[in-house]
């Protein structure tokens, strides 16, 4: 079993030379194609470094561009040169200049000996639509693509749209069923020769030269015509992110690569000295296939891609906001609580939470005028400015940074309907958040307000609408936050019960008992205000079964009876 390699390179040619020399020492001839866009000086240096390797040749150079037929042409030229110079080859692998052997070449040779006459090439019918995750599928073959996607993107997109409107459709050559798959393959010399010597090759080349990304379809389609046995998978391990760009592998990925069931790996970082030293070691021991676990590897990369798209717990950077997917990601690594409406009902509520629970309690982070009561010139831990204008530019990022410095603790903050409205949209999607809301707590903002009743009514209607919007968002099937909705009449008539419910999910400092309740604000006139608003058509849930006149909670000095938290 004699194996040959086609190597497509365009940069880091010193690493390409290392790879080719290693293959040559394993009695594996290789033909290297270097992109014509690569500086001639680099190419000449590569030729000089490999001049003593008798089984390494360099093919005719072509200027390559991603997505165009030039990559296929480069592969075809290198294939012809390799088979012409080494006609005794049994199998040929197409790899890139950034590939490395995950398993020793001798292990690959034994594997191919057990699978003679088998072509290993990922080849999926476009009708199944199982390979392309996004973008063009069958239209790759039926539309024309004369413009560069990278250099003339607007022309590319515009011409595709125009062809769709005009219902332009090219015919696929007779006898071919379009297939797509990974660019990297391992074909038998018999199959590769049939592709190269096909009497209709010029016709096929013309068709694929007008297709989109033909390096993922040319060999994948023609192999179906000429091969007698195909195993639809690549022997080269590569993973791609949401944008279709390959993941890079570094020194610390050595053990991970061994979990793959492939023999070559792409794409290795040129600076990964440890990988190059280990994987190009001719005395390296075999990596048993019995220890391979490709499912685990796939799950790890899927999780990584999800984190890149949706953001990590409490961590954000520009790379984590693609396609708007970060909208539904969390802002904290640990659980936190948002108390909605408590500021209107209780005095010094954060301080009370801090004394009775293990939570680190903050004021209102989204107050329009002051952030958690700090002056504009102040700063929070991490040198985060307490400037509302800065917070308003990116409220989600600000909240994430605010919670980050004390991320190991359960934190809480206040919110009411006078605060910045977009904050609750962020919280609603966060699985780490618990929202505790006192329904209709906005009534206390209007209580004893010095304004005409018409103005109070207009504000009440606005707050009522904001409250309903938040309730709808929290009730959405996509909402990830835990929600507790408490009634205002319970807060007024049975404050101990309400407060026990409000902080029941947070670890308690008092051994399960609330020794002191926070002072309740003056509620004079609440019953009368509710009746007036109801008579104007507002639907307000509140029980009037107790007198509200001068309803106040005892002061701290007067209150001695403990309330049990169940």
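Restricting attention to region 399-416, the residues that are without any contact (Cβ under 8 Å) to a residue 60 or more places away in the chain and surrounded by fewer than 23 Cβ atoms within 10 Å (Cβ to Cβ) total 3. Within region 277-297, restricting attention to residues that are in a helix (DSSP H, G or I), touching a residue at least 12 places away in the same chain (Cβ under 8 Å) and within 29 Å of the chain's Cα centre (by Cα), the residue that is surrounded by the most Cβ atoms within 10 Å (Cβ to Cβ) is 297. Of the residues making up region 352-373, those that are part of a helix (DSSP H, G or I) and touching a residue at least 60 places away in the same chain (Cβ under 8 Å) are 352, 353, 355, 356.
For region 367-391, the tally of residues that are at negative phi and surrounded by fewer than 13 Cβ atoms within 10 Å (Cβ to Cβ) stands at 7.
Take region 157-181 and flag every residue that is under 26 Å from residue 123 (Cβ atoms) and surrounded by 13 or more Cβ atoms within 10 Å (Cβ to Cβ). Correct list: 160, 169, 170, 172, 173, 176, 178, 179, 180, 181. For residue 257, the requirement of being modelled with pLDDT under 95, buried (at least 18 other Cβ atoms within 10 Å of the Cβ) and part of a helix (DSSP H, G or I) is met.
Scan region 248-258 and tell me whether some residue there is touching a strand residue (DSSP E or B) at 6+ places or on another chain (Cβ under 8 Å) and more than 30 Å from residue 281 (Cβ to Cβ). No, that holds for no residue. Residue 240 meets all of the listed conditions (1) over 23 Å from residue 66 (Cα atoms); (2) out of contact with any helix residue (DSSP H, G or I) (no Cβ under 7 Å at 6 or more places or on another chain) but one, namely (1). Total residues in region 73-89 satisfying the condition of being part of a helix (DSSP H, G or I) and over 14 Å from residue 60 (Cβ atoms): the figure is 1. Examine region 446-465 for a residue that is touching a strand residue (DSSP E or B) at 6+ places or on another chain (Cβ under 9 Å), in contact (Cβ under 8 Å) with a residue 12 or more places away in the chain and surrounded by 14 or more Cβ atoms within 10 Å (Cβ to Cβ), and state whether such a residue exists. No, there is no match, as no residue in region 446-465 is touching a strand residue (DSSP E or B) at 6+ places or on another chain (Cβ under 9 Å), in contact (Cβ under 8 Å) with a residue 12 or more places away in the chain and surrounded by 14 or more Cβ atoms within 10 Å (Cβ to Cβ). Got a number for residues in region 206-223 being under 11 Å from residue 72 (Cα atoms), in a helix (DSSP H, G or I) and either in contact with a helix residue (DSSP H, G or I) (Cβ under 6 Å, 6 or more places away or on another chain) or modelled with pLDDT under 95 (or both)? The total comes to 6. Within region 225-239, one or more residues are within 17 Å of residue 178 (Cα to Cα) and part of a helix (DSSP H, G or I). Could you tell me whether residue 496 is in contact (Cβ under 8 Å) with a residue 40 or more places away in the chain, over 19 Å from residue 338 (Cβ atoms), in contact with a helix residue (DSSP H, G or I) (Cβ under 6 Å, 6 or more places away or on another chain) and not in a loop (DSSP other than H, G, I, E, B)? No, not satisfied.
The values are calculated or read from the model by the stated rules, or taken from the named source; none is laboratory data. Because the structure is a prediction, the values reported are computed rather than measured. When we count neighbours, we look across all protein chains shown, and the Cβ atoms used for this are built from the backbone with ideal geometry, even at glycine.
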